[in-house]
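Colleague: Please read through the structure below; I'll follow up with questions.
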Amino acid sequence: MAKKTVADVDVKGKRVLMRVDFNVPIEGGKITDDRRIVQAMPTIKSVIERGGRLILMSHLGRPKGGPEPKYSLKPVAARLAQLVNQCHAVPGAAKGRNTTDLHVMRDPAEASADTMAAVRFADDCIGPQVDRLVAELRDGDVLLLENLRFHKEEEKNDPNFARQLARHGDVYVNDAFGTAHREHASTFGVPQAMQGKRRVIGFLIQKELKFLGDAVTRPAKPFVAILGGAKVSDKIEVIKALLDKADTLLIGGAMAYTFFLAQGREVGRSLVERDKVELAKELLAKAGKKIRLPQDNVIASEMTDTAQTRVIEGDIPADMEGFDIGPRTRAAYSAEIARAKTVIWNGPMGVFEKKPFAEGTRAVAQACADATKRNGAVTIIGGGDSAAAVEQMGLAEAVSHVSTGGGASLEFLESGHFSTIDILD
Ligand code: 3PG
Ligand code: MG
């Protein structure tokens, strides 16, 4: 069903409470991949430019339910302030403000205080102090709340906690695609508590749903799905769902070795899920020729950057482990992708973080980029590791869409909807 978006709401002067997924990797206080923040900017910009008062809420990592400094969103506020002011300067927006306020995150290099939109940071997401900061917001201001998961009630979707969050907003926007598969307070309880008010999706969710939705409901054919990663168990439901829709399923990653066991082959010390072998047998029986498994594999005795590797076509020797798809498989999979009009890829083909085992993932990424360029194929990279790989290989702009949701994109491919989005206007 078509969803109302933030563009359908007059936000001028209104408090816009927006759930974003700013769960970004942070190392030593530095954000190592800001894609999720950058991808939320179109919605953020739209609210600011139309004079909305924006209150942003997100989780970061998996804290135990109380405040933990390493999971603070403060570094995110600083990056957000840079991005807001790079793409946006409100004349006089910050005039007369107390610029020494510690919680006003500014990037002095970007613009003078006079022309900057204020991005404030609140040390908590609920409570009287936050209520005060919200009340002080002026049109075009932004307030980022501290990590929602510093309250255990967030993941429990506690109705009282949800009501306290809901109080912050006149309008609810969900643009947290990466968290759309979680029925938590901020994604479910809050829009429930805001019944009667406008509750809409942002432009990032709109874009993600368009790419993933079109791919599952009306894919241009041939439709090739590529599934990798360590575990079959993570991908069972998506394999089942895609068996009906895709023309071909290319399997890589350690997951392939569980399928090898199902075929009665030897896999040496490779990572497998023995309790999933029966299931792999069933999937193979059901799939007929649709499922393609690697013809050859890159094997080694250790998973290191300096490992001695071999390519093997048959059984994997007892003292060795498979870590990547081999050259014949790379060529065969690339040829399959070259014929496709729609490609969905989730999960790396090998241990791409280690140089000797990166070629399979690289070849598939390149084949996706080529298919888009040469055939106008729609190529969609599920989030998580495959998104990181494509990013790392500099091919993110060369494919049609890199999702900001790992678990979320998988779940959407499985079920075709999210309850957190179903409840919105
Ligand atoms: C993610 O990165 O997968 C999302 O932000 C959701 O986080 P979670 O898996 O900890 O719920
Ligand atoms: Mg996850």
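Colleague: Got a sec? Charge dipole of the chain, +1 on Cβ for Lys and Arg, -1 for Asp and Glu; which of THR258, MET393, LEU83 is way out at the positive end?
Modeller: About the Cα centre, the residue reaching furthest to the positive side is LEU83.
Colleague: Considering only protein heavy atoms, what per residue accessible area in square angstrom results for the chain with a 1.4 angstrom probe? Could the numbers behind the result be given before it?
Modeller: Details: 17610 Å² over 425 residues.
Here the per-residue accessible area is 41 Å².
Colleague: Then there is this: Read phi for every residue in the range 355-361 and hand back ³J(HN,Hα) as whole Hz from Karplus 6.51 cos²θ - 1.76 cosθ + 1.60, θ = phi - 60°, with x for Gly and Pro.
Modeller: 3, x, 10, 9, 5, x, 5
Colleague: Also: Could you tell me which residue out of ALA225, THR43, LEU242 lies farthest along the dipole of the chain toward its positive end? Charges go on the beta carbon: Lys and Arg +1, Asp and Glu -1, centred on the Cα centre.
Modeller: Positive-most Cα among the choices belongs to THR43.
Colleague: Let me ask something additional. Give a quick list of trypsin sites (Lys or Arg not before Pro) in the range 274-378 that DSSP marks as loop, anything other than H, G, I, E or B, with at most 13 other Cβ atoms within 10 Å.
Modeller: Working: sites: ARG274, LYS276, LYS281, LYS286, LYS289, LYS290, ARG292, ARG310, ARG328, ARG330, ARG339, LYS341, LYS354, ARG362, LYS373, ARG374; in loops: LYS289, LYS290, LYS341, LYS354.
Here the trypsin sites (Lys or Arg not before Pro) that fit, given the DSSP loop and packing criteria, are LYS289.
Colleague: Using the structure shown, select from LYS30/LYS152; LYS210/LYS341; LYS152/LYS207; LYS74/LYS235; LYS231/LYS281 the pairs with a Cα to Cα distance greater than 24 angstrom.
Modeller: Too far apart for the 24 Å limit: LYS30/LYS152; LYS152/LYS207; LYS74/LYS235.
Colleague: Calculate the length of the line joining the C-alpha centroid of the range 160-238 to that of the range 338-357, in whole Å.
Modeller: Each part's Cα centre sits 24 Å from the other's.
Colleague: For a quick check: with amide H placed at 1.01 Å from N, whose amide H comes under 5 Å from LEU144's, ignoring anything fewer than 5 positions away on the same chain?
Modeller: LEU56, ARG120, PHE121, ALA122
Colleague: Next question. Picking from PHE352, ALA332, ILE55, whose Cα lies most toward the positive end of the charge dipole for the chain (charges on Cβ: Lys, Arg +1; Asp, Glu -1)?
Modeller: ILE55
Colleague: Using modelled amide H (1.01 Å from N, peptide plane; none on Pro or chain starts), what sits under 5 Å from the amide H of ALA377, excluding residues fewer than 5 places away?
Modeller: Long-range HN contacts for ALA377: THR372.
Colleague: For the range 1-57 and the range 383-398, write down the distance between their C-alpha centroids in whole Å.
Modeller: Cα centroid of the range 1-57 versus Cα centroid of the range 383-398: 22 Å apart.
Colleague: Could you give the radius of gyration (one decimal) and Dmax (whole number) of the Cα atoms in the chain, in Å?
Modeller: 23.4, 74
Colleague: Put a dot 7 Å past each Cα toward the Cβ at GLN308 and GLU49; how far apart are the dots in nm?
Modeller: With each label point 7 Å from Cα toward Cβ, the separation is 6.0 nm.
Colleague: Mean separation of Cα pairs under 8 Å and 6+ residues apart, divided by the residue count of the chain: what relative contact order is that in percent?
Modeller: Working: 921 pairs, mean separation 62.2, N = 425.
Answer for the chain is 15 percent.
Colleague: Here's something else I'd like to know. Under 8 Å for C-alpha pairs, at least 6 residues apart: give me the relative contact order for the range 283-414, rounded to a whole percent.
Modeller: Relative CO of the range 283-414 lands at 19 percent.
Colleague: Continuing with this model, one more query. Under 5 Å between amide hydrogens, which residues at least 5 positions from ASN157 or on another chain qualify, with H placed 1.01 Å from N in the peptide plane?
Modeller: ALA185
Colleague: Using the Karplus equation 6.51 cos²θ - 1.76 cosθ + 1.60 (θ = phi - 60°), what ³J(HN,Hα) coupling, rounded to whole Hz, does each residue of the range 77-82 give in order, writing x for Gly and Pro?
Modeller: Here the 3J(HN,Hα) series is 4, 5, 5, 4, 4, 4 Hz.
Colleague: In a Gaussian network model over the chain where Cα atoms closer than 10 Å are linked, find which of ALA371, ALA262, ALA77 has the largest mean-square fluctuation.
Modeller: Ranking ALA371, ALA262, ALA77 by mean-square fluctuation puts ALA262 first.
Colleague: How large is the charge dipole for the range 123-204, taken about the Cα centre, if only the Cβ atoms of Lys, Arg (+1) and Asp, Glu (-1) carry charge, to the nearest 20 debye? Please report the intermediate quantities before stating the final value.
Modeller: Numbers: 11 positive and 14 negative charges, 66 e Å.
Taking the Cα centre of the range 123-204 as origin, the dipole is about 320 debye.
Colleague: Tell me which chymotrypsin sites (Phe, Trp or Tyr not before Pro) from the range 237-277 have a DSSP coil assignment and no more than 13 other beta carbons within 10 Å of their own.
Modeller: Filter output for the range 237-277: empty list.
Colleague: Taking θ as phi - 60°, what are the ³J(HN,Hα) couplings along the range 186-196 by the Karplus curve (6.51, -1.76, 1.60), each to the nearest whole Hz, with x for Gly and Pro?
Modeller: Values per residue, Gly and Pro as x: 5, 9, 10, x, 5, x, 4, 5, 9, 3, x Hz.
Colleague: I've got another one for you. Any idea what the dipole of the range 196-337 comes to, in debye rounded to 20, about its Cα centre with Lys/Arg Cβ at +1 and Asp/Glu Cβ at -1?
Modeller: In total the dipole reaches around 1060 debye.
Colleague: Are there GluC sites (Glu not before Pro) in the range 312-352 that DSSP puts in a loop and that have at most 15 other Cβ atoms within 10 Å, and which ones? Before the final figure, lay out each step's value.
Modeller: Values: sites: GLU313, GLU321, GLU336; in loops: GLU313.
For GluC sites (Glu not before Pro) across the range 312-352 that sit outside H, G, I, E and B with at most 15 neighbouring Cβ atoms in 10 Å, the list reads GLU313.
Colleague: Where the accessible area of the range 154-194 is counted over protein heavy atoms with a 1.4 Å probe, how much of it, in %, is carbon and sulfur?
Modeller: Values: 500 of 1310 Å².
In the range 154-194, the share of accessible area belonging to carbon and sulfur is 38 percent.
Colleague: Next question. Pick from HIS151, HIS181, HIS59 the residue whose mean-square fluctuation is largest in a GNM of the chain, springs joining Cα atoms under 10 Å.
Modeller: With Cα springs under 10 Å in the chain, the top fluctuation among HIS151, HIS181, HIS59 is at HIS151.
Colleague: Which peptide among 394-401, 131-138, 197-204 comes first, and what is the full order, when sorted by highest mean count of other Cβ atoms within 10 Å?
Modeller: Final packing ranking: 197-204, 394-401, 131-138.
The values are calculated or read from the model by the stated rules, or taken from the named source; none is laboratory data. For clarity, every value in this text was computed on a predicted model and none was experimentally measured. Methodologically, a virtual Cβ is constructed for each residue, glycine included, from the backbone with ideal geometry; neighbour enumeration extends over all protein chains shown. Surface accessibility is based on the protein's heavy atoms, side chains included, excluding ligands, DNA and RNA. Shrake-Rupley method; radii C 1.70, N 1.55, O 1.52, S 1.80 Å.
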